[in-house]
């Protein structure tokens with residue numbers, strides 16, 4: 001009996017020792033993973049931290065190494081940048097970008113959701129062909145359409161206005177958002193449509209009362225991406241805008257760098273940091289819906 005008792009104690013001790021070694025190795029592995037993630041996060045955040053540090057430096061000390069301004073600390077970049085360019089304050093550019101971005105978001109969400117509902121729920125001739133052609137436009141470079149679009153908008157008298165940015169969004173020209181919403185709408189059970197039809201609902205009421213309320217994550221994803229794309233768009237305003245009062249934030253930031261005279265890098269970095277705040281605010285406010293929309297769109301069908 002004593003021998004069996006000793007063997008059982010020895011086996012129990014071995015199991016405890018094995019469990020401890022496994023838990024210790026797992027803890028070490030988790031620690032290494034966290035250290036790796038922290039290192040990657042530091043690499044990703046370094047440019048942002050450097051830009052933040054540069055916004056508090058004099059122009060003569062912009063290229064100094066390190067993240068701490070030290071004795072070169074100043075708020076001159078913010079005061080100078082907020083005054084704007086050519087007598088136009090920077091808050092005017094922020095309002096211009098906000099106006100364009102909000103109108104683009106509304107146009108994209110409304111037009112693309114209606115188009116996506118047609119592809120997902122309505123049967124019509126050449127539906128597959130049209131959907132394939134729509135997806136094919138994703139592979140078409142924007143620069144290919146630049147010249148004919150510019151000629152068309154010039155003939156319409158839309159140059160130096162915001163119409164070239166907003167009107168195309170209201171015609172569901174962004175195939176990515178149409179595809180995103182179509183895949184999400186297809187995941188909604190069609191039995192809900194059939195039950196609604198028994199109650200006398202048509203396509204409009206089904207779209208407004210069933211599809212849209214159940215598609216908040218996908219709609220939020222489309223709205224957030226559309227806002228970010230419109231807010232950061234530099235090329236389109238550069239082509240169509242010449243009036244400084246109509247400049248958006250990317251054009252205004254570019255104006256702080258002048259190749260023919262002095263450039264104000266402190267004001268550039270300061271206003272660049274200010275221009276990031278709306279995008280970060282939108283992302284943080286709708287982060288849950290954004291992640292949910294990306295995780296569910298296109299994975300069901």
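Structure data summary
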| item | result |
| --- | --- |
| Compactness of segment 181-236, expressed as Rg and Dmax over alpha-carbon positions, Å | 15.2, 50 |
| Segment 149-288: translational diffusion in µm²/s, Stokes-Einstein, Kirkwood Rh over Cα pairs, 4 °C, 1.567 mPa s | 70 µm²/s |
| Cα-based equivalent ellipsoid, segment 222-282: semi-axes from gyration tensor eigenvalues, Å | 22, 16, 8 |
| Computed over segment 87-296: relative contact order in percent, which uses C-alpha pairs under 8 Å that are six or more apart | 34 percent |
| Ratio of Rg to Rh over segment 86-131 (Cα coordinates, Kirkwood Rh, two decimals) | 1.37 |
| Gyration tensor over alpha-carbon atoms, segment 29-100, equivalent ellipsoid semi-axes in Å | 33, 20, 7 |
| Segment 84-215: mean projected area of Cα convex hull, nm² | 11.1 nm² |
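Each reported figure results from applying straightforward, stated rules to the coordinates on display, with no laboratory input. On a predicted model such as this, the values are computed, not experimentally measured, just so you know.
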